[in-house]
Amino acid sequence: MGPHRTARELDSGDRDGPRALVGRMAVELRAHWAGEEQRLFAVTREKAEYARYIDALAAEHRDPAAFLDTLGLESAAQRGAYVRAVEELSTHLSKKEDGLFPAPFPHCFSTAPARSGTVR
């Protein structure tokens with residue numbers, strides 16, 4: 001179930017499917033953010049020309065993390081906030097893809113966390 005499907009479900013009155021997705025997203029995003037910050041961002045930040053860019057990307061993890069802790073889906077305003085958050089996440093991902101990849105340090109990827117959702 002993807003974010004756009006969830007938005008449609010919210011519009012139709014379904015709350016259980018989207019609520020379950022938000023719970024899974026929270027777990028996966030937190031693991032992803034931890035992996036990025038502990039590995040990719042830490043190594044990339046060592047290069048002075050990337051430090052400000054990486055700091056800004058790491059800061060963008062804080063607002064969604066706090067948002068996930070308080071997210072409700074009952075009101076139209078909350079559902080709209082969810083849709084906007086998904087759009088902001090898409091923008092954030094584009095910044096990483098456009099600004100970091102291919103990474104300036106390709107050798108770093110051999111130590112990246114496994115895709116299982118856990119951080120090594």
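Some observations on this one:
- S75 meets all of the listed conditions (1) open to solvent by less than 50 Å² (accessible area, probe 1.4 Å); (2) under 18 Å from the mean Cα position of the chain (by Cα); (3) among the hydroxyl-bearing types (S, T, Y) but one, namely (2).
- Taking (1) open to solvent by less than 70 Å² (accessible area, probe 1.4 Å); (2) modelled with pLDDT of 85 or more; (3) of a type in the set (G, A, S) in turn, A48 satisfies each apart from (1).
- Count of region 74-88 residues which are under 22 Å from W33 (Cβ atoms) and in contact (Cβ under 8 Å) with a residue 40 or more places away in the chain: 3
- The requirement of being modelled with pLDDT of 80 or more and open to solvent by less than 90 Å² (accessible area, probe 1.4 Å) is not satisfied by R15.
- Residue within region 74-92 that is among the aliphatic types (A, V, I, L, M), assigned to a helix (DSSP H, G or I) and touching a Lys or Arg at 6+ places or on another chain (Cβ under 9 Å) present: no
The values are calculated or read from the model by the stated rules, or taken from the named source; none is laboratory data. Keep in mind the model is a prediction, meaning the values are calculated, not measured. Positions of Cβ are generated from backbone atoms using ideal geometry, with glycine treated the same way; all protein chains shown enter the neighbour counts. The area values use the complete protein model at the heavy-atom level, side chains included, leaving out ligands, DNA and RNA. Shrake-Rupley method; radii C 1.70, N 1.55, O 1.52, S 1.80 Å.
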